[in-house]
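Here's the structure, in structure tokens; my notes come after.
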Amino acid sequence: MTQAERELDIILLGASGFTGRLVAEYLLGRYGANDDLRWAMAGRNRAKLESVRLELQGYEPEQEIPLLVADSDDADALAELAQKTRVICTTVGPYALYGSKVVEACARHGTHYCDLAGEVHWMREMIDRYQPAAAASGARIVHSCGFDSIPSDLGVLFLQQAMQERHGVAAQHIKYRVVNFRGSMSGGTIASMINMLEQADKDPALRKLIADPYALNPSDAAKGRDGPDQSGAEFDADFDRWTLPFVMAAINTRVVRRSNALLHFRYGEEFAYDEAVLAPAGQGALKSKLAALAMAAGTGALLVAPLRALARRFLPAPGEGPSQKQRENGYYDILLHGKHPQDRDRDMRVRVTGDRDPGYGSTAKMLGESAVCLARDELSGGGGFWTPASAMGERLIQRLQNNAGLGFSVVDA
């Protein structure tokens, strides 16, 4: 069955979970219940799906959101889902535990796919295992369509396009700096990180892969000059501020580098990219180094199995999240600084902003718009494993600015 013949545009898998419900709420508020956009909610428990639908639509709505039942471990049910729709959008993580059969079903049946994965090792496994099938079927598989890694990936694309338009060259080095944000890391993201660390404990090759700056690049692609992610406090002369490590850099940087390779090295084969958090203005070396040490101690605790088990009791669990008021009061403000390859006076700076907390409110809108973009927009490129920038690029930037509360703008360097 061709994509055009399918009865649905999008199936939202995991709609009864915390983040999945937020995506459903967004799709309903923005696109209605099967008015122009035809979409359904899916999960393994029909009663929970009915509860979400009742909460979102009330009794006897004019048009009910369709409900479909499928378990993420049931290959036959997932194949049936995949053949009903143009896109499967899934929030069921950790993806290394619950996502592989969904990817397989989409790759084999020509169904586009998007998720919130930040598990580098699993993404690498999926690319290696199912790239041929996705290329043959025409399925566009796009991981990391939330706060990791859309602001990074599309922010770099936006800056590089601006640099080309203004100066006719690509920036040779881009720095992503978190200026400020309000919000918390999602329980699903934490669960994915912990699961990845637990697997790495058992497999030295996995530890090596996670540490590779180019872990997601095509195997035949040239590698650039990037090294390990920032692990301590460093002074950044371009911002005249101290910087601290950014916890999401380990996934975001790999996605950006893969985008460059998939875009035929539009940013250059020697392109460099890094991410960090700006320390408060006026904060000196001592406080910055102490802050970095505290962050390292927290991260280091997760590397020790007994401490990791203890940390689970205090960190948000999957299915937990902030209140509506907290989500709506959240935000993020990010600056990207692009270095001109010959003339530093022509450096450029871009601002990326979001109007909700990054881990939940804004992420739900980014994922929802990614699914709609894959389902409805004319996109270049065939089937295979893509990134947000290489698969959807400018069309997704436009959607996010028009509908999802994100801003992309050029500012003075």
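How would Val52, Val69 line up from fewest to most surrounding beta-carbon atoms within 10 angstrom?
Fewest-to-most ranking of Val52, Val69: Val69, Val52.
Can you give the angle from 0 to 90° between the axis of helix 18-31 and the longest principal axis of the chain, with both taken from C-alpha atoms, to the nearest 10?
For helix 18-31, the angle is close to 80 degrees.
So for Leu286, Leu116, fewest C-beta neighbours within 10 Å to most, what's the order?
Final ranking by Cβ density, sparse to dense: Leu286, Leu116.
Who wins for biggest fluctuation among Asp236, Asp357, Asp212 in a Gaussian network model of the chain, springs between alpha carbons below 10 Å?
Asp236
How would region 241-287 be classified by its alpha-carbon gyration tensor: rounded, prolate or oblate, with rounded meaning a/c under 1.5 and the a/b versus b/c comparison settling the rest?
Prolate, since a/c reaches 1.5 and a/b exceeds b/c.
Pairs on different chains or at least eight residues apart, Cα atoms closer than 23 Å: how many lysine pairs in the chain fit?
For the chain, qualifying lysine pairs total 12.
Would you kindly derive the ³J(HN,Hα) couplings of region 40-47 from the backbone phi angles with the Karplus curve 6.51 cos²θ - 1.76 cosθ + 1.60 (θ = phi - 60°), listing them in order in whole Hz, with x for Gly and Pro?
3J(HN,Hα) across region 40-47, in whole Hz: 9, 9, 9, x, 8, 10, 5, 4.
As I understand it, the dipole of the chain uses +1 on the Cβ of Lys and Arg and -1 on the Cβ of Asp and Glu, about the Cα centre. Which of Val256, Gln199, His143 lies farthest toward its positive end?
The listed residue farthest towards the positive side: Gln199.
Report the charge-dipole magnitude of the chain in Debye, nearest 20, computed about the Cα centre from +1 at each Lys and Arg Cβ and -1 at each Asp and Glu Cβ.
720 debye
With the Cα gyration tensor of region 30-163 giving a ≥ b ≥ c as the square roots of its eigenvalues, does the rule (a/c under 1.5 for rounded; else a/b larger than b/c for prolate; else oblate) give rounded, prolate or oblate?
Oblate is the answer for region 30-163, as a/c is 1.5 or above yet b/c matches or exceeds a/b.
What order do you get for Ile334, Ile194, Ile150 when you list them from fewest to most C-beta neighbours inside 10 Å?
Ile194, Ile334, Ile150
How large is ³J(HN,Hα), in whole Hz, for each residue of region 101-106 in order, when computed from phi with the Karplus curve 6.51 cos²θ - 1.76 cosθ + 1.60 and θ = phi - 60°, using x for Gly and Pro?
Along region 101-106, the couplings run 5, 5, 4, 4, 4, 5 Hz.
Using Cα-Cα distances under 8 Å and only pairs 6 or more residues apart, what relative contact order does region 50-181 have, in percent?
After rounding, I find 18 percent.
Running a GNM on the chain with Cα contacts under 10 Å, which residue among Asp229, Asp355, Asp240 ends up with the highest mean-square fluctuation?
Judging by the Gaussian network model, the answer is Asp240.
We did not get these values from a lab; they are worked out from the coordinates using the rules stated. It should be emphasised that the depicted structure is a prediction, and the values quoted were computed from it without experimental measurement. Heads up, the Cβs are rebuilt from the backbone with ideal geometry, glycines too, and the neighbour counts pull from every protein chain shown.
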